[in-house]
Amino acid sequence: MSTTDIVDVSQETEPDPVLFREVPTQDGKRIGMATLNRPDTLNGLSLPMCRLLDERLHAWQNDDRIVAVVLHGAGDKAFCAGGDLHALYQSMLDSPRDAWANLHARSFFETEYRLDYRIHRYPKPMICWGSGIVMGGGVGLMLGASHRVVTSSTRFAMPEVTIGLFPDVAGTWMLGRLPRGIGEFLALTGAQLGAADCLHYGLADHYCAVDGLDTLVATLAAQKWPTDPDEQAALLDTVLDGLQLAVPDPGPLQTHAADIRRACSRADFMQAATALAAWKRHPDPWMARAATNFLAGAPGSARLGYMLVNRARHLSLADAFRMEYVAALQCCAEPDFREGIRALLIDKDKKPRWYPATFEQASASWVRRFLVHPWPAGQEHPLADL
C-alpha cells in the first residue's frame, strides 16, 4: 500500500494547508496521516494550519479507530521550515511597540504552543517524519512526537537569532536539557544538525531512508494493532527498527562537543560570546559558519536566548511554554524581530539594523524586559491551564 491508497477526510475546497487522511489497517483500525501542505513555502506553519492540526489531533485522540498518527510535510525539501513570518511581520507593523495590542501575535503563539504541548502529551503513538528542513516551528512539532524519524536530508536547527527572536516552541526547554554548553551553542548560532547529531543528542529516535515514508505507512497498515497504547508504541518501535539504516558517522556537533562545551557553558554571557567570535576563522567550515551566524545575528536575541535556555533548564515543559509566550510577545513589541523579518523576507537585503547593536548594549538588565508579562494586572496567563 502506498500513501495514496487511503481515505481522504479533508474538505473538498481549495488546496488545504494541511491534508488529513486515514489509512485503513488490515484489522479495521486506521492510521491518521497529517500532511503539512505548503511546499512552496517549505511548509511554513501559519495560524490556520495550527488550528487545523490541533482540531484534528484532538478528534483523533478521541477516536478509538485511530491507533497511531503520522505527521509529515509535502514535497521533498522540508518537513517544516518554521512559522509564517509574513503574517507576524504585518501584525507588528499594525501594532508597533504594544505587545498586548497585537492580536494576531497573541493568537498565533498561543495556538502554536497549545498544539505543540498537545503533541508532547499525546496519548497515542505519533511519528514525525523529519526529512528535509526541520527548523523553528517545525522543531516544535517534531520535538513532542513519540517517534521522531530523521533521514540523510534532515537539516535541523533553531536559527531564530538570525531574525531577532529566540528558540521558542519549547526550544528553550529542549536546549536546556542537552549537555550544558551544547544547548547554548545551538541557541546562539542556529547551527544546522544532520541525522547523526540529532540521534546522538536525543533529538530524534530513528534513521530511515529518505524515500521510506510509503514503505513505513504500508508496513503500519499491514499490522494487527493492540488496543493498549504502550503496546501500540512498542509495535511502532518494532516497525521502525525494521526500517532502520546504519547510523551515520558522528556529526560536527559531536566531533567538536568538548570545545563547544568549554566555550558555551560559561555563566557569563560575554565570555561565551568572546569564545564563539574567535571561531570565525575555525578550520572546520561548520564551526566557522556557526560563528559567522552568531556575529551576524541580533545581539539582543543572543543574550535573550542564552538567558532563557538557562532558565528553562529548571522549568517544567508547561512553565517553559508560559515563559516563552511572554518573551515572544515582547519580541513582537521590540524592533529586532520586525527588522530581522524585513531583512530576510520582505526587502531581502540581508542587512538587518539591530537594536541594541552590540553585545555590550544588550546587557543583562536590558534583556530582563522580555520576562515582564504585557497583559493587564490581575489577568491570568493565557496558557495557565497547560
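Derivation of every value follows stated rules applied to the coordinates shown; laboratory data play no part. In this text the structure is predicted, and so the values were computed from the model without any measurement. Here the Cβ positions follow ideal geometry from the backbone for every residue, glycine too, while neighbour counts run over all protein chains shown.
Summary table below
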quantity	calculated
Separation of the ASP349 and ARG313 label points, Cα + 7 Å toward Cβ, nm	3.9
P(r), alpha carbons of the chain - 10 Å bins starting at zero, rounded %	5, 24, 33, 24, 11, 2, 0
Electrostatic dipole magnitude of the chain [Cβ: Lys, Arg +1; Asp, Glu -1; Cα centre; debye, to 20]	1400
Prolate/oblate/rounded call for the stretch 258-385, Cα gyration tensor, a/c under 1.5 rounded	oblate
Simple spin-label estimate for TRP375 and ASP230 in nanometres, 7 Å along Cα-Cβ	3.7
Label-point separation, ALA288 to LYS77 (7 Å along Cα→Cβ), nm	2.7
Sites ALA222 and ALA267 - FRET efficiency at Förster radius 51 Å, r taken between beta-carbons, to 0.05	0.40
Förster-model FRET efficiency, 56 Å R0, THR255 and ASP64, C-beta, rounded to 0.05	0.75
Relative contact order (percent, whole number), the stretch 138-230, Cα cutoff 8 Å, 6+ residue spacing	36
Helix 47-61 vs. the chain, principal-axis angle (Cα, 0 to 90°, nearest 10)	40
Value of relative contact order over the chain, rounded to a whole percent, pairs C-alpha under 8 Å and six or more apart	18
Cβ-based charge dipole, the chain, positive-most Cα from ILE127, LEU45, LEU236	LEU45
Total charge dipole magnitude, the stretch 173-306, about the Cα centre, Cβ charges on Lys, Arg, Asp, Glu only, Debye to nearest 20	980
For the stretch 1-155, size of Cβ-based charge dipole, Lys and Arg +1, Asp and Glu -1, in debye	540
Cα lying deepest toward the dipole's positive end in the chain, options CYS264, GLY32, LEU103, charges on Cβ	CYS264
